Amino acid sequence: MAGMEEWDDKDLVMISAIQHYSYCPRQCALIHLEQTFTENIHTIQGRFVHEKVDQPDSVITEGIRYETALPLWSGRLGLIGKGDLVEFHGDIPYPVEYKHGRKKHQIHDELQLCAQAMCLEEMLDCAVPKGAVFYFSSRKRREVLFSPILRQKVEEITLHIRELFKDGQLPPAVADTRCNECSLSESCVPELVGNRSTLKRLTKELFTVNQ
């Protein structure tokens, strides 16, 4: 892993953390800082979807090489992780990220995929202009172009994550519609942490009961 020796283990950022941070910084901290993880229907579906790409394998079909669970890293950014699937069209890598659910536009998925592409570019010394997100339920791909803006956002989020880990504090809860699909809602308690008035009311009620 060329360039990785410059990083301490504690400063390395998982590629998956970029998706988590983009979705919710508090979720990212709970998973990667406090090692909190619980299951819900979405995580179970996601685990099922990834079963076929979680084992390293290499297959060539009709001139295209397919690599699953490919280790990825960037010595420049201090990123590590793996690609669900990387297709090699000649010498050009084409990363594919697997997601459960139906085809939809989510910047979080695009950022995770772009980070994989940036790792591949550094590892293989080649340009990776695009990739795709594969949605298991609809069996459809959504192609993603790795624009300069998307690449810059990946670098910014990587720095934010590293600062978050150094600080060691949980960000405030968002307490919005994102929480409805998050498997960590019970650990996060966004309805309490994200709503100070509710927390004050419950504290007051508890104090009254104890009188």
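Given (1) more than 19 Å from Asp109 (Cα to Cα); (2) more than 15 Å from the chain's Cα centre (by Cα); (3) at pLDDT 90 or above, where does Thr68 come up short, assuming only one miss?
Answer for Thr68: the failing condition is (1).
Exactly one of these conditions fails for Asp176: (1) modelled with pLDDT of 90 or more; (2) among the charged types (D, E, K, R); (3) in contact with a Gly (Cβ under 9 Å, 6 or more places away or on another chain). Give me its number.
With (1) modelled with pLDDT of 90 or more; (2) among the charged types (D, E, K, R); (3) in contact with a Gly (Cβ under 9 Å, 6 or more places away or on another chain) applied to Asp176, the lone miss is (1).
Evaluate segment 95-104: report whether one residue or more is more than 21 Å from Gly75 (Cβ to Cβ) and of a type in the set (A, V, I, L, M, F, W, C).
Yes, because at least one residue in segment 95-104 is more than 21 Å from Gly75 (Cβ to Cβ) and of a type in the set (A, V, I, L, M, F, W, C).
Only residues that are free of Cβ contacts under 8 Å to residues at least 24 places away in the same chain and either farther than 21 Å from His105 by Cα or in contact with a strand residue (DSSP E or B) (Cβ under 6 Å, 6 or more places away or on another chain) (or both): list them for segment 135-155, please.
Glu143, Leu145
Could you say whether any residue in segment 141-161 is under 25 Å from Lys10 (Cβ atoms), assigned to a loop (DSSP other than H, G, I, E, B) and either touching a Lys or Arg at 6+ places or on another chain (Cβ under 8 Å) or of a type in the set (Phe, Trp, Tyr) (or both)?
Within segment 141-161, not a single residue is under 25 Å from Lys10 (Cβ atoms), assigned to a loop (DSSP other than H, G, I, E, B) and either touching a Lys or Arg at 6+ places or on another chain (Cβ under 8 Å) or of a type in the set (Phe, Trp, Tyr) (or both).
In segment 123-140, what residues are in contact with a Lys or Arg (Cβ under 6 Å, 6 or more places away or on another chain) and not polar (S, T, N, Q)?
Ala132, Val133, Phe134, Tyr135, Lys140
Please verify whether Ala117 is at pLDDT 75 or above, part of a loop (DSSP other than H, G, I, E, B) and within 21 Å of Gly75 (Cβ to Cβ), treating the condition exactly as stated.
No, not satisfied.
So is Ser137 touching a Gly at 6+ places or on another chain (Cβ under 7 Å) and either under 15 Å from Ile15 (Cα atoms) or surrounded by fewer than 21 Cβ atoms within 10 Å (Cβ to Cβ) (or both) or not?
Taking the combined requirement at face value, the residue satisfies it.
Against the conditions (1) farther than 22 Å from Arg151 by Cβ; (2) outside any helix (DSSP H, G or I); (3) modelled with pLDDT under 95, where does Ala2 fall short? Just the number, please.
Of (1) farther than 22 Å from Arg151 by Cβ; (2) outside any helix (DSSP H, G or I); (3) modelled with pLDDT under 95, only one is false for Ala2: (1).
Inside segment 16-35, can you point out the residues that are assigned to a loop (DSSP other than H, G, I, E, B) and either under 17 Å from Glu110 (Cα atoms) or small (Gly, Ala, Ser) (or both)?
Passing the criteria: only Cys24.
Exactly one of these conditions fails for Met123: (1) at pLDDT below 95; (2) closer than 19 Å to Leu79 by Cα; (3) of a type outside the set (Ser, Thr, Tyr). Give me its number.
Here Met123 clears every test but (1).
Condition (residue is in contact (Cβ under 8 Å) with a residue 40 or more places away in the chain, small (Gly, Ala, Ser) and surrounded by 17 or more Cβ atoms within 10 Å (Cβ to Cβ)) applied to segment 126-134: is it met by at least one residue?
Looking through segment 126-134, none of the residues is in contact (Cβ under 8 Å) with a residue 40 or more places away in the chain, small (Gly, Ala, Ser) and surrounded by 17 or more Cβ atoms within 10 Å (Cβ to Cβ).
The values are calculated or read from the model by the stated rules, or taken from the named source; none is laboratory data. Just so it is clear, the structure is predicted and the values come from calculations on it, not from any experiment. Backbone-built Cβ (ideal geometry, glycine too); neighbour counts: all protein chains shown.
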